[in-house]
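A.B. asks: One structure coming up, written as structure tokens, with questions to follow.
The values are calculated or read from the model by the stated rules, or taken from the named source; none is laboratory data. Note that the structure is predicted; figures quoted are calculated from it, not measured. Virtual Cβ from ideal backbone geometry, glycine too; neighbours counted across all protein chains shown. We work out accessible area using only protein heavy atoms, side chains counted, and drop any ligands, DNA or RNA first. Shrake-Rupley method; radii C 1.70, N 1.55, O 1.52, S 1.80 Å.
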Amino acid sequence: MTVVTVHLVTTLHQYKDKKEVKILNDKEAKILANYLHTEPKLRWKIALLTVLFMGLRRGELAGLEWKDIDYENKTMTIVRSVQDIIGFGLITKEPKTENSKRTISMPDKLIEYLKEYEVWWLNQKKYLGDRLGDTDRLFCTEDGTDISPGLFRVWLQKTLAKVDLPKVTLHSLRHTNITLQLVAGVDMKTVSARAGHSKASTTSDFYSHFIKNSDIHASEILNKIFK
């Protein structure tokens, strides 16, 4: 990541309603990741790092199960989402769109974190016994029931306060993940597939500001090469 990109990854403007979405720039994202490395609350640590590394939606994170994690092939499969519906409570359903069901590669660092967390999770399951039930969810209550996706927001806000970072939402971490890929030069089709967008044009429209800046940066690099 070059110095040029540091000033690019700050805000997004949604192309439909023009609402500003705060996100973390590359330096802030690194500060958060470095802090989470030492976070003693393992559930907080793994949940937030998973969003930062993988760009999951919060419902997808809540629906994640251990059988979705493939250490051998270094992949994570997204096939379900948990939503908190007024009047109905927590329900598990398929992800937002057909393209949201996806298998994406995991960075080696995240795999290390997940293996550490799995050891803790299995010990917890052994300790709690029948109280935890037969759940396979990475994140659940102590009685094995689904966890509210809104709880991840609470964990994030408390974490951001500890490291004095801007107050962004959990969805902001997803945007951060996507924009960091774009400014690093990852191709649009790959970024769109990893994000689970219905089509690449959705990614292109929403993140056009960052694509333009990346294009300018590419031009500057070419200018230096042929100077």
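A.B. asks: Apply the Debye scattering formula to segment 45-122, with a single equal point scatterer on each alpha-carbon and no solvent, then give log10 I(q)/I(0) at q = 0.17 Å⁻¹.
C.D. replies: -0.66
A.B. asks: Need one number: nm distance between label points at Gln124 and Lys96, each 7 Å from Cα along Cα→Cβ, rounded to one decimal.
C.D. replies: 2.6
A.B. asks: Can you give the Rg to Rh ratio of segment 107-168, both from alpha-carbon atoms, with Rh computed by the Kirkwood formula?
C.D. replies: My calculation of the ratio gives 1.06.
A.B. asks: Leaving out ligands and nucleic acids, and using a 1.4 Å probe, what accessible area per residue does segment 147-190 come to in Å²?
C.D. replies: Heavy-atom accessible area per residue stands at 44 Å².
A.B. asks: Under the 0.36 nm per residue contour assumption, what length would be gained going from the current alpha-carbon distance of Ala184 and Glu116 to full extension?
C.D. replies: Using 0.36 nm per residue and subtracting the Cα-Cα distance, I get 21.6 nm.
A.B. asks: Could you give the radius of gyration (one decimal) and Dmax (whole number) of the Cα atoms in segment 98-204, in Å?
C.D. replies: My reading of the Cα-based Rg and Dmax gives 17.1, 48 Å.
A.B. asks: What does the convex hull of the Cα atoms come to per residue for segment 94-141, in Å³?
C.D. replies: About 98 Å³ per residue, rounded to a whole number.
A.B. asks: In Å and whole numbers, how far do the C-alpha atoms of segment 17-76 stretch along each principal axis, longest first?
C.D. replies: 39, 33, 21
A.B. asks: Which loop-located trypsin sites (Lys or Arg not before Pro) does segment 36-85 contain, where loop means any DSSP state but H, G, I, E or B and the Cβ has at most 16 other Cβ atoms within 10 Å?
C.D. replies: Values: sites: Lys41, Arg43, Lys45, Arg57, Arg58, Lys67, Lys74, Arg80; in loops: Lys41, Arg57, Lys74, Arg80.
Those satisfying the criteria are Lys41, Lys74.
A.B. asks: Ignoring ligands, DNA and RNA, please state the percent of accessible area on segment 108-199 from carbon and sulfur, probe 1.4 Å. The partial results should precede the final answer.
C.D. replies: Values: 2430 of 4620 Å².
Carbon and sulfur: 52 percent of the exposed surface of segment 108-199.
A.B. asks: Also: Leaving ligands and nucleic acids out of the surface, order Lys109, Lys158, Lys126 by accessible area at 1.4 Å, largest first. List each step's numbers first, then the result.
C.D. replies: Working: Lys109 85, Lys158 110, Lys126 170 Å².
From most exposed to least exposed: Lys126, Lys158, Lys109.
A.B. asks: Between segment 141-159 and segment 92-133, what's the alpha-carbon centroid distance in Å?
C.D. replies: 14
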